[in-house]
1. Considering only the stretch 45-116, give the strands (runs of 3 or more DSSP E) lying wholly within it that have at least 1 residues that are within 30 Å of residue 400 (Cα to Cα).
2. Quick check on residue 216: is it hydrophobic (A, V, I, L, M, F, W, C), touching a residue at least 12 places away in the same chain (Cβ under 8 Å), buried (at least 18 other Cβ atoms within 10 Å of the Cβ) and within 15 Å of residue 382 (Cα to Cα)?
3. Condition first: farther than 24 Å from residue 100 by Cα and among the basic types (Lys, Arg). Now tell me which residues in the stretch 304-363 satisfy that.
4. Can you find a residue in the stretch 91-99 that is under 27 Å from residue 157 (Cβ atoms), crowded, with 17+ Cβ neighbours inside 10 Å and assigned by TED's automatic domain parsing to the domain that holds residue 134?
5. Given the condition part of a helix (DSSP H, G or I), in contact with a strand residue (DSSP E or B) (Cβ under 8 Å, 6 or more places away or on another chain) and among the charged types (D, E, K, R), answer yes or no: does some residue in the stretch 337-356 qualify?
6. Is it fair to say residue 161 is touching a Phe, Trp or Tyr at 6+ places or on another chain (Cβ under 8 Å), within 26 Å of residue 391 (Cα to Cα) and part of a loop (DSSP other than H, G, I, E, B)?
7. Does residue 243 meet the test of being of a type in the set (A, V, I, L, M, F, W, C), farther than 18 Å from residue 202 by Cβ and surrounded by fewer than 19 Cβ atoms within 10 Å (Cβ to Cβ)?
8. Can you find, within the stretch 357-408, the residue that is nearest to residue 12 (Cα to Cα) among those that are of a type in the set (Lys, Arg) and either touching a strand residue (DSSP E or B) at 6+ places or on another chain (Cβ under 8 Å) or not in a loop (DSSP other than H, G, I, E, B) (or both)?
Amino acid sequence: MKNKNMGSAQLAALLDRQVPGETLDQAFYTDDALFQFEMDAIWHREWLFAGMSCTINTAGSWFKVDIGTASVVVMRGRDGAIRAFHNTCRHRGSRLCVGDKGKTRNLICPYHQWTYDDTGSLIFAREMPENFDKAANALQQVHVRELAGYLFICLADTPNAFDTFANVVTPYLAPHDLADAKVAHEMTIIEEANWKLVIENNRECYHCRSGHPELLNTIAEVEDVNDPRCPPEYVPKAAADQLRWDEQGLPHRLQANPQGWQVVRVPMYRGLSFTMDGQPASQRVMGRLPDFDVGSVRVLHFPNTWNHALGDHAISFRVLPLGPQKTAVTTQWLVHKDAVEGVDYQLDNLLKVWRATNDQDKTLAENNQLGINSPAYRKGHYSPSAEYGVMAFITWYLDAMKRAGMPE
C-alpha cells in the first residue's frame, strides 16, 4: 500500500523480504518515499545514458537532461571535448538552460546574466566586488564518458567503474560509427507507469508474440540459440551469420555483466532490418560495416537504456523517471550522416516498427501499473525460461538499493 511516511526501518525491511523469482511488493511501484530513495540510491549514483554525441557535433551545441530534481547540461566545447555541468547558476541557483537543446558560445544565466564559457569557468559577473573570486565560482561539473557515440553521465562525486563496460562494448559498436551518424527522428512518450515496469517490459519477450506483431516480422525473440524457445529454423541461420561475422571481424558473442550491462550481436530472424518487409529502411550502410547483413547489436545498461545498432540504422532508448508512476521514454532513430530523407530513406518506413512497438509497450506498462495499484495485487512469480532478463534486472536493482544504504 502507499505510505508517504515510510521510514528507514520500513524500507530496509521491505528490501530484505523480497524473494528471488518473485515479483516486487506493491510499494516498489507506488510509494513516494521509496521513489525518492531510488533517486538518490540509483539515479544520482549510477552511470546513466544521456544521449548521442552526434547531436552535439559542433562547438557550443548542448542538450539538457533532467534526472529528478537534478538537471545537467551536456556541451561540446570549442576544443572538441564534451563536458557536462549541473544546470545551476553559481550566483543564486537559477537554471541556466531552460530549453531542451541549443547552441551558444557561452552559457548565460537568464536571471542576472552571469556568464560561463564552454569549460564551465565563470567569465562575467557584473557588479561583484573587485576581490570576488571567479575561479571559485565555476559551474559544478558532472562526470561524462563517450562510448562509440553514446554519452553517459554520473552525478556521484566518485562514480562507479566505467572502463570495463566501455572496453567490452566499443568493439561491437565501433564499426557502426554512430559518433558520426545523424538523428533522423526523435520522439518522447510519457508512460503513466513506474520506471521499473518500463525496464521490466523491455527485459522479456514473453509478451512479444501477442504484443508486438510488427516487430516479430524480423526480430528474434531469443538472444541465444540454446534458449529452449528458439525456433528450430533459426539455429542454422544464426550459425551461418555468426561464422560470417567471425570472418569479417564483427564481434557477436553475448557478454553479460552482473553490474547491470550486456552486449550481443543478434542475427535477424528474417530480413535485414526492423521494417515491415525486413528490407533496409535506409540505402546507406552505417559506418564501416561491410554490408547490411550484420544483425542487431543490442546494448543494455541499467537503469535507463537499451539500444539496437543495425546495418542501415540504429535506435537508442533513454528512460527517465518523472515520478513514482510516470516515466519519460525517448527514442532516437539514427542513420548515416549523408543519408537524405526522401531519397535514401522514407521516414514513415524507418519509424513504423518501433513507433508501433513503443505505443504497444506504453499500453502494456500502463495496464501493468493499474493492476499493481489495485488492492487485489499480490506478489507473483517470474518464468525462469521466459523472464530471466527481468529477474536479472530485479537482482541488480535490489543490490544497488542495498549498496546505497538506507537514509537517516
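The values are calculated or read from the model by the stated rules, or taken from the named source; none is laboratory data. Everything numeric in this text was worked out from a predicted model, so none of it was measured. No Cβ is skipped: glycine too gets one built from the backbone with ideal geometry, and neighbour counts run over all protein chains shown.
1. Details: elements: 48-52, 61-67, 70-76, 82-86, 101-103.
Where strands (runs of 3 or more DSSP E) fall fully within the stretch 45-116 and carry at least 1 residues being within 30 Å of residue 400 (Cα to Cα), they are 48-52, 61-67, 70-76, 82-86.
2. For residue 216, the condition - hydrophobic (A, V, I, L, M, F, W, C), touching a residue at least 12 places away in the same chain (Cβ under 8 Å), buried (at least 18 other Cβ atoms within 10 Å of the Cβ) and within 15 Å of residue 382 (Cα to Cα) - is not met.
3. Listed by number, the list holds a single entry, 352.
4. Checked the stretch 91-99: at least one residue is under 27 Å from residue 157 (Cβ atoms), crowded, with 17+ Cβ neighbours inside 10 Å and assigned by TED's automatic domain parsing to the domain that holds residue 134.
5. Yes - at least one qualifying residue is present in the stretch 337-356.
6. When the stated conditions are applied, residue 161 does not pass them.
7. Answer is yes for this residue.
8. The selected residue is 402.
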